[in-house]
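This report refers to the structure that appears directly beneath it.
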Amino acid sequence: MKFPILSLTTYIPLVGALYLLFMKEHEGMVRRLSLAVSLAAFALSVLMLGHFDPKTSGFQFVETLEWAPSLGVTYKMGVDGVSVLFIVLTTVLTVLSVLVSWTQVKKYVREFHVALLVMESAMLGVFSALDLVLFYVFWEVMLIPMFLMIGIWGGPNRIYAAVKFFLYTLAGSVLMLIGIIVLYVHGGKTFDVAALLQVKFAAPVQFWVFLAFFAAFAVKVPMWPVHTWLPDAHTEAPTAGSVILAGVLIKMGAYGFLRFSLPMFPDATATFAPYILALSLVAIIYGALVTLVQTDLKKLIAYSSVSHMGFVTLGIFALNRQGIEGGIMQMVNHGIITGALFLLVGIIYERTHSREISAYGGIARSVPRYAAFFVLFVLASLGLPGLNGFVGEFLVILGAFQRDRVVGVLAMTGIILAAVYLLWMTQRVLFQEMTHPENEKLADIDTREFITLLPLAVLSVFLGVYPNPALSVMHASVDQLMAKMEAHRAAVISWSQAWPF
Amino acid sequence: MTRSVVLFRDLLIPLLPLAAFLVNGLFGRWTREKAHWVSVPAVVLSFLLSLLVLKDVLSGVNTYASLYRWITVGAFDVSVGVMIDPLAAVMLIVVTSVSSLVHVYSIGYMHGDRGYARFFAYLSLFTFSMLMLVLSNNLLELFVFWEAVGLCSYLLIGHWYERRSAADAATKAFVVNRVGDFGFGLGLLLIFVTLGTLDYQAVFLGAKAASNQTVDLLAPFGGKLEVGLVTLIALLLFTGAMGKSAQLPLHVWLPDAMEGPTPVSALIHAATMVTAGVYMVARMHPVFEISPAAMATVAVVGGGTALFAATIGLVQNDIKRVVAYSTVSQLGTMFLACGIGAYGIAIFHLMTHAFFKGLLFLGAGSVIHALSGEQDIRKMGGLRNKIPATYLTFLIGSLSLAGVPLFAGFFSKDEILTRAFFAGDLGRVLWGVALLGALMTAFYAFRLVYLVFHGETRLLPDAAHRVHESPPVMTVPLWILAVLAVFSGWVGIPLIAGGDKIGHFLEPVFAGVAHAVHADIRLEGALIAVSVIVALLGIAIADMLYRTRPATPDKVAATWPRLYSLFLNKWWFDEIFDWAIVRPTRRISESFLWKVADVRIIDAFVNGVGSVTQQAAASWRRIQTGFTQDYAMTLVLGLLLVAAVWLAAW
């Protein structure tokens, strides 16, 4: 058997978490160990990216072990050009989450890092699982640490937010579980994703299982109108939780669409795509308008995520190459940019203990380096060409425009609104007169915080100026996805075909 | 020199300012008050290299190169590259020369400013972006740097960000430009989707081939409204130009942009960035040429803006705002030229305007500097003898702006008017409009001169005492621009010194465009005479109102109070936008979408599901009493029920 790099990357954090759980190290050691573990996972993921062959369309670094053969369950891991990018994104953001929590998390330090590392393992598992049962296990495991993170280390209203997050997500994933079982029954008694991808499911199966999966994925994205857990979860979560939530967790839904919905249910995808496009447009515009009037910084960024993730689903369900690659790019970019924005809010919250925009104003004068990062990521977020946000958004809109010109035009309005809410927020936080004299003595970012922000800034500029390396990783896999949908000649399913009785 | 060496030299022109930006941007804490030692040499070197490029282009050597593939997804394949042709060469010279002078001037003007290094960093970043904008070889690259110059404009307008008005103006500039870019972006999408490319040359060919295609705008809604595909493309692109070049009704950001430091106003908001729209239309002229409707729109918007902005310029009291409205008006004149197919002359006017308007802004800055920040012309007067260098150069700039013969502005503006006169019926109407605009221009230019420099001083005594001429680092750029504001027009004179040099130089770019109809030398002479008379008349009226009879202006204002108020309040554009767009959007978002749709409907439903479940569970819990007899009772009742149903069915 080849070197199991995927499993190694996935379980290193888990091993680290177990060690922390049983060896009662002191706080400083816990932080240092967590950093070391997350750095090791990061190094492995980079190694993997280095060895990834972008010309191959199939799964790479595949590992297979028998698990429960009588049930058709195997332990199967592997990545393609889509998931490999998210694995790297996950390991990067986890390192930064450890760094940003260095001084922000003061209670239950050990437990916090255990939760963070368990979550990293689960997230890496979701992106590399090639067996539906394995996938579902990782998918559900992921919920628990995040639930705890919000519920224990969160803000004042954390219990409500944690329960809301948990129930919303659980409601979705229960339906997915039913869908998985239906697939097993109709797909030749196997949970192997690669095998299921070869099956052409009958119209009613496609129709209903698509909807079951859609429930789980739509909640995760989150799409309008099941988005209302996100603002609460983000607002209450600790900084590291917000970073992981925005950077990785909400990407799972869109990843699920790409991995399962599109290639397995092409007819159902064609059937529902127009409605999903409409929901995406609502998310983009509605999300942006609601963002406009937020007064809480974290809530503002959370709502802006609803709008930005609308671009992701819009691109994916435009069902053409520019749209899909743009959607993936937008996911990566949103992870980088919004992750950074939450880091920034966390950094300033630690100093002032306020998330209200009105508690700031004019702080660019006292924290110039902070302001520079802030402006950079705001510009990236509003899609300034030359920074990474533009590449994804432009490709998505191009894809949408090719599919339907009206959709493209409407999506474009989101770009205007993004400039409005982001710049207006920036103005009220960084610029204008300093309304609170105590902000005069605000400390600028220190070296640790600088190191936390720098990688994302470099990525943001690099992927804006030269996005082709990232795009070329996904070409072959998206090619295959397109071919699969093309081969099935996606046909719209009528209601009478879908009715199973 | 080999090709790669030439390319390297050409690339240095934008890259030097970029390097200066990186140094001052990243290490501003160390460069501090020495920041100009990084930025100024970089841009001056760029200027010198641009001269070499001009020499090459004059001898017929053009450059076209792709540097690297930027975004490649399927059929969508866009590179970053450079293209140097006569049009780009002219723009290179204009941008690097004005930028160099503004850089030098800023050493004096920004001396002692808290954000000195930041200022120079952004100035360099702007110069880089603007140079790349004119060097781009495809539309998406143009769009990238188009937004990049907008970003620099945003950052520099907000340089003194602690002032609420400056922060507001910066945000407004960016957002209004985004509205324009909404159109530009849609234009790009439509071009790619229909023509399959974004490369200039390929787009030109494709547009020609697609000249008969139409698009049904109302098809998605079941209606029918056919427009030419190329017309639609051209109009969408023009929307972007309207935003960047501040044309009606997207002009509202430019006057507010005067919140930025004055060197910024001179470089970005007069000489270079705001002319990018004109450059874009000229660059894309093969597309515009195909559509008479688009051309007419460009001409009408340009002519209309020229007159409209001039009316506002008549009555403003802030020295920079008067010059700003004048810029809006002059940009309108350039678009008018584009709209009648006189691209070469539009670019010629762009050049002379860059020099004389850059001069006027820097002069205004020198006045403000002398008065320690005062910008209200009602509080000036009599500065002529106190700041003579500023006065003389400002006077030269004003003469050029007013279109007095032998000054640069005269040649370019007069040529536009003449060409308009011969451009059909619409052209003749626009000629009249532009002539009226020219009259107002001459008037407000000299209103400014008289109010600021002539008459009795209206300064407070202690302010008057502190008035001082600016240092040479500021006045030398003024003098250089003054020289250019006179002589730069001479390269376009048709009759002397080897003929219309700039016209011939640009000819390869605008080949295939219909040339001026020089119908009758006597008629042309008469037209020139008319514009000269108009310019002098405007100056004479200003002289009468503000020098000989200073009480008259108030009487005039009192005679037409409505009109005066309309002009003074800029035709209420800001208020109308605020009332019709800004407020309703905010109100709907806040009190409906967020607080009703999200909170009262969606969340209420979610919480409702939760509490219904809880309540249901709470009431059903009572069934679990724990008493055996209760369970036995239920069991029996259940059995009876089943039996009853079974019996009934049987």
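Listing for the model above:
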| quantity | calculated |
| --- | --- |
| Cβ-based net charge around B:T393, under 14 Å, with every Lys or Arg adding one and every Asp or Glu removing one | +1 |
| Over segment B:277-407, relative contact order from alpha-carbon pairs under 8 Å, at least 6 apart, % | 25 percent |
| Within chain B, helix-based [θ] at 222 nm, where runs of 4 or more DSSP H residues each add -39,500 (n - 2.57), nearest 500 | -22500 deg cm²/dmol |
| Loop-located trypsin sites (Lys or Arg not before Pro) in segment B:528-637 whose Cβ has at most 12 other Cβ within 10 Å (DSSP) | none |
| Partners for A:K76 among lysines (Cα-Cα distance below 28 Å; same-chain residues under 8 apart left out) | A:K2, A:K55, A:K189, A:K200, A:K220, A:K251, A:K484 |
| Alpha carbon centroid spacing (whole Å) that separates segment B:193-223 from segment A:325-386 | 39 Å |
| Contour excess over end-to-end distance, with Cα ends at B:T548 and B:R114 and 0.36 nm allotted per residue | 151.9 nm |
| Other-chain or far-sequence residues with amide H under 5 Å of B:I71's (modelled H) | B:V78 |
| Evaluated over the protein assembly as shown, the Cα radius of gyration and Dmax, each in Å | 33.0, 121 |
| Environment charge of A:V98, counting only residues whose C-beta is closer than 10 Å and scoring Lys/Arg +1, Asp/Glu -1 | +1 |
| DSSP beta bridge pairing in segment A:5-498, given as percent antiparallel to the nearest 5 | 90 percent |
| Under the Karplus curve 6.51 cos²θ - 1.76 cosθ + 1.60, θ = phi - 60°, whole-Hz ³J(HN,Hα) for segment B:313-320, x wherever Gly or Pro sits | x, 4, 10, 5, 10, 9, 4, 6 |
| Lysines whose Cα lies under 19 Å from that of B:K413, excluding same-chain neighbours fewer than 8 positions away | B:K357, B:K501 |
| Rounded to 10°, Cα long-axis angle of helix B:424-453 versus longest principal axis of chain B | 70 degrees |
| Trypsin sites (Lys or Arg not before Pro) within segment A:1-102: DSSP coil, no more than 16 neighbouring Cβ in 10 Å | A:K2, A:K24, A:K55 |
| Chain A: relative contact order as a whole-number percent, Cα under 8 Å and 6+ apart | 16 percent |
| Tilt relative to chain A, helix A:321-352 - C-alpha long axis, 0 to 90 degrees, to 10 | 30 degrees |
| Under 5 Å, built H, 5+ apart or other chain: amide partners of B:Y64 | B:I84 |
| Chain A: angle of helix A:405-430 to the longest principal axis, Cα-based, in degrees nearest 10 | 20 degrees |
| Residues B:W490 and B:L536, FRET efficiency given R0 of 22 Å [Cβ-Cβ distance, rounded to 0.05] | 0.60 |
| Helix-only [θ]222 nm of chain A, DSSP H runs n ≥ 4, -39500 (n - 2.57) each, per residue, nearest 500 | -24000 deg cm²/dmol |
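FYI, it's all coordinate maths here, none of it is from the lab. What you are looking at is a predicted structure, and each value in this text was computed from that prediction instead of being measured. For neighbour counting, all protein chains shown are included, and Cβ atoms are generated from backbone atoms with ideal geometry for every residue, glycine included.
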